[in-house]
Amino acid sequence: MSLKPAPVRVLLRVTGSNVDRERGLQELRETAAHGRYLEPFAKLVLAVATLRDNNPAPARELLGELHRRFPDNELYKREMDRIDEGAH
């Protein structure tokens with residue numbers, strides 16, 4: 001929850017939501033592996049999470065999968081290039 005902006009954290013606490021980062025990442029991994037409609041989004045969020053953890057290799061792999069699947073989307077290629085340059 002600490003990665004969320006302060007107003008979001010307050011809202012989650014007020015509503016009684018208990019956010020566990022590791023559980024959330026596990027659910028994202030499951031969605032990325034078995035999801036149908038949200039699979040690309042789950043992979044993108046996982047790529048961001050691995051970059052935040054200073055682990056660019058899995059992020060690049062996820063972005064590569066997305067780029068092969070959606071070659072017309074320049075975002076994935078551009079982000080892979082940034083990882084290769086060490087910008088993250």
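Any read-out appearing in this document is the output of simple, stated calculations on the displayed coordinates, not a laboratory observation. Quick caveat: nothing in here was measured; it's all calculated off a predicted structure. No Cβ is skipped: glycine too gets one built from the backbone with ideal geometry, and neighbour counts run over all protein chains shown.
In table form, for the structure just shown:
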quantity: Relative contact order (%) - region 30-75, alpha-carbon pairs under 8 angstrom, separation at least six; calculated: 26
quantity: Trypsin sites (Lys or Arg not before Pro) restricted to DSSP loop in region 17-53 with at most 10 other C-beta within 10 Å; calculated: 36
